[in-house]
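Undergrad: Quick one: the structure is below, and I'll ask about it shortly.
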Amino acid sequence: MKSLLQIQPLTILISFCAISLFILISILFFTPSKIPELDIGSSLQQTTDSDPTDVNHLVFGIASTGNSWANRKKYVKLWWRKKMKGCVFVDNLPPEGNHTDDSVPPLCVSEDTSKFHYTFKGGLRSAIRVARVVKEIVGLNNNSNVRWYVFGDDDTIFFPENLAKTLSKYDHRLWYYVGAYSENYEGSYVFGFGMAFGGGGFAISASLANVLSKVFDSCIERYSHLYGSDARVFSCIAELGVGLTYEPGFHQVDLSGNIFGLLAAHPLSLLLSLHHPELVEPIFPQMTVSNSLQHLFEAANVDSQRILQQTVCYDKQFSRTISVSWGYAVQVFQNNELLPNILRVRETFKPWRENWPFAGVYTFSTTKVHPDPCERPMIFYLDNISSGKYGGIVSNYTKSFRDCSNNNTSLKNLEVIKVVTKKLDLDAKQLQSPRRQCCDVHSNSSQLLEIAIRECRYEELIYLH
């Protein structure tokens, strides 16, 4: 029999190995490990994020009131689609409610804001409630599928497919604050060119929104002196060190009167929103505000990305310049006009407030409307639109009345302009570096003019040649 001193070292060695094996097994199978979980989560996230951003990744926070919702929801119905995510925030529920109406977002009653200070003289403290939509909508949508939160008013008309397409340019995992300032220089000067105006709408990436929601209440206490909700949101985002990413497709529409000039010379970007429909004239003549917007959506529903995209071409036969604002209107100028002149916004509208010091000064390039009606372009408005064979789209535009005594022009018999295109589907490179498209003119008769829109050739210039 071996002595105890002979057995002990072997026993100790075996015990040590057994304990070590037990600890290793425990670590591998029973102890939570953060690093493997992060690796697994990262790979799953990459798989999810490889999918292109679409409307299912957006959540809308719309600011309204119980009193205004009954009259304003007709504007939301224009663009809201079933299965979209979002909420209309009201101070109190209207009598009729909307619990079974899926043509609009559900109603959410805002939280009490009486504890917050508001010191702007003559302003409305409801600005605090509206600002907190940014915080409350995040709390209602703690969903990993959300990439962007989009905010606007109950009279903001969004174009959701274009929003998703535009936002797909940006990595939602990074901190982004996307929007636009006012068309009115005075408003942008007062509130800042770095602030996204809330009526035009703006978007915040989910990664930024999640952080912003946690610090928002403590932040807005420092800004009781500000007037509006969008100024509070901007200030708190600025405190996080994030600046505005400017997208000109958002339109605050701080204008009055006829905004034809703004729509007919839309910037080279997708149309994302329109605001203040009740404070400007109907965008189509001889229509109500609602009917004119519905008419615009007839085109937008066929080709959302092309809506209002401006294409300019030249009619060699009659030395005419033609500007197509697709889905809205066609302008025919009786002379050869250089492209930069056509791209300027014609001041068919009036300033938001004519008694302001900078009234009539805008944040884009403008040109005055010619005082002589006979020297102005002939306008043809959208009449109808249809999809043809092989993805082709045909839109027809009919002549609008023009108070001109000169009928001896080449336009006197022209009644209809037919525009033929293919559906626009921009890829990532085209979104990052957009290029205006070209067109060809075909004069079929004195009454009908046909225009074919196409991609410009590699070195093609848009001018009369």
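The values are calculated or read from the model by the stated rules, or taken from the named source; none is laboratory data. None of the values given here were measured: they were computed from a predicted structure. Backbone-built Cβ (ideal geometry, glycine too); neighbour counts: all protein chains shown. When the accessible area is computed, the model is the full protein with side chains, heavy atoms only, and any ligands, DNA or RNA have been set aside. Shrake-Rupley method; radii C 1.70, N 1.55, O 1.52, S 1.80 Å.
Undergrad: Can you find even one residue in the range 118-130 that is within 20 Å of the chain's Cα centre (by Cα) and in contact (Cβ under 8 Å) with a residue 60 or more places away in the chain?
TA: Among the residues of the range 118-130, at least one is within 20 Å of the chain's Cα centre (by Cα) and in contact (Cβ under 8 Å) with a residue 60 or more places away in the chain, which makes the answer yes.
Undergrad: Return the residues of the range 68-108 that are surrounded by 13 or more Cβ atoms within 10 Å (Cβ to Cβ) and over 29 Å from residue 162 (Cβ atoms); say none if nothing qualifies.
TA: Selection gives 91, 93, 94.
Conditions tested, residue by residue: (1) surrounded by 24 or more Cβ atoms within 10 Å (Cβ to Cβ); (2) in contact with an Asp or Glu (Cβ under 8 Å, 6 or more places away or on another chain).
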position	(1), (2)
136	no, yes
141	no, no
144	no, no
151	yes, no
155	no, yes
179	yes, yes
183	yes, yes
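Undergrad: Please count how many residues of the range 392-404 are outside any strand (DSSP E or B) and open to solvent by 50 Å² or more (accessible area, probe 1.4 Å).
TA: 2
Undergrad: Look at the range 237-265 and say how many of its residues are in a helix (DSSP H, G or I) and either open to solvent by 20 Å² or more (accessible area, probe 1.4 Å) or without any contact (Cβ under 8 Å) to a residue 60 or more places away in the chain (or both).
TA: Residues that pass the stated criteria total 2.
Undergrad: Identify, by number, the condition in (1) free of Cβ contacts under 8 Å to residues at least 12 places away in the same chain; (2) within 14 Å of the chain's Cα centre (by Cα) that residue 190 doesn't meet.
TA: Single failed check for residue 190: (2).
Undergrad: Now a separate question. Can you find even one residue in the range 322-334 that is out of contact with any Cys (no Cβ under 8 Å at 6 or more places or on another chain), touching a residue at least 24 places away in the same chain (Cβ under 8 Å) and open to solvent by 60 Å² or more (accessible area, probe 1.4 Å)? I'd like the intermediate steps shown before the answer.
TA: Going residue by residue through the range 322-334, those that are out of contact with any Cys (no Cβ under 8 Å at 6 or more places or on another chain) are 323, 325-334.
This time we only want the ones that are touching a residue at least 24 places away in the same chain (Cβ under 8 Å), so: 323, 325-334.
Among the residues that remain, those that are also open to solvent by 60 Å² or more (accessible area, probe 1.4 Å) are: none.
No, there is no match, as no residue in the range 322-334 is out of contact with any Cys (no Cβ under 8 Å at 6 or more places or on another chain), touching a residue at least 24 places away in the same chain (Cβ under 8 Å) and open to solvent by 60 Å² or more (accessible area, probe 1.4 Å).
Undergrad: Would you please name the residue that is surrounded by the fewest Cβ atoms within 10 Å (Cβ to Cβ), looking only at residues in the range 194-233 that are touching a Leu at 6+ places or on another chain (Cβ under 9 Å) and without any contact (Cβ under 8 Å) to a residue 40 or more places away in the chain?
TA: 215
Undergrad: Would you tally the residues in the range 282-303 being over 22 Å from residue 332 (Cα atoms), open to solvent by 20 Å² or more (accessible area, probe 1.4 Å) and in contact with a helix residue (DSSP H, G or I) (Cβ under 7 Å, 6 or more places away or on another chain)?
TA: Result for the range 282-303: 4.
Undergrad: Answer yes if at least one residue in the range 118-132 is open to solvent by less than 40 Å² (accessible area, probe 1.4 Å), small (Gly, Ala, Ser), in contact with a helix residue (DSSP H, G or I) (Cβ under 6 Å, 6 or more places away or on another chain) and outside any loop (DSSP other than H, G, I, E, B), and no otherwise.
TA: Checking the range 118-132: at least one residue is open to solvent by less than 40 Å² (accessible area, probe 1.4 Å), small (Gly, Ala, Ser), in contact with a helix residue (DSSP H, G or I) (Cβ under 6 Å, 6 or more places away or on another chain) and outside any loop (DSSP other than H, G, I, E, B).
Undergrad: Give the residue, chosen from 343, 279, 268, 274, that is open to solvent by 50 Å² or more (accessible area, probe 1.4 Å), more than 30 Å from residue 463 (Cβ to Cβ) and among the aliphatic types (A, V, I, L, M).
TA: Every option except 279 fails the conditions.
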